[in-house]
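As C-alpha cells, the structure follows; a few thoughts come after it.
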Amino acid sequence: MSVSSSVLTYYQIGGLDDQVDEQVLLGVFVPFGEVKEVTIPLDAGTGLKRGFGFVEFEDAEDAAEARENMNSRCYTSSIKK
C-alpha cells in the first residue's frame, strides 16, 4: 500500500474517554463503510491509552464520508463507552 492511499483511508479521532476501546470505535464508524482496523495507541511508559485512536477503512471514500460526518457533528469529543 502506498503512503498516499493509506493516508486517505485513515481517520484520526482525538479526545477519547479512557473507557473507549476498539470495539466502541468500531461500532461508531462501521456505519460509514467496511473498517479494516481500529487502533488506540498506548503510552509506552504507563501502558495507559493516549486519548486518541485511528480507524482505517477499506475504501478512501468511506473514510472521507466518516471525516465529513463526524467532524461536522463534533462527535469525537463525546464518544464514550
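Note on V38: accessible area is roughly 30 Å² with a 1.4 Å probe, heavy atoms of protein only.
The 3J(HN,Hα) values that the Karplus relation (6.51, -1.76, 1.60; θ = phi - 60°) gives for region 23-33 are, in residue order, 5, 5, 4, 4, x, 6, 9, 4, x, 8, x Hz. Gly and Pro appear as x.
The values are calculated or read from the model by the stated rules, or taken from the named source; none is laboratory data. The model shown is predicted, which means the values in this text are computed figures rather than measured ones. Each accessible area value is taken on the protein alone, full model and side chains, heavy atoms only, with ligands, DNA and RNA left out. Shrake-Rupley method; radii C 1.70, N 1.55, O 1.52, S 1.80 Å.
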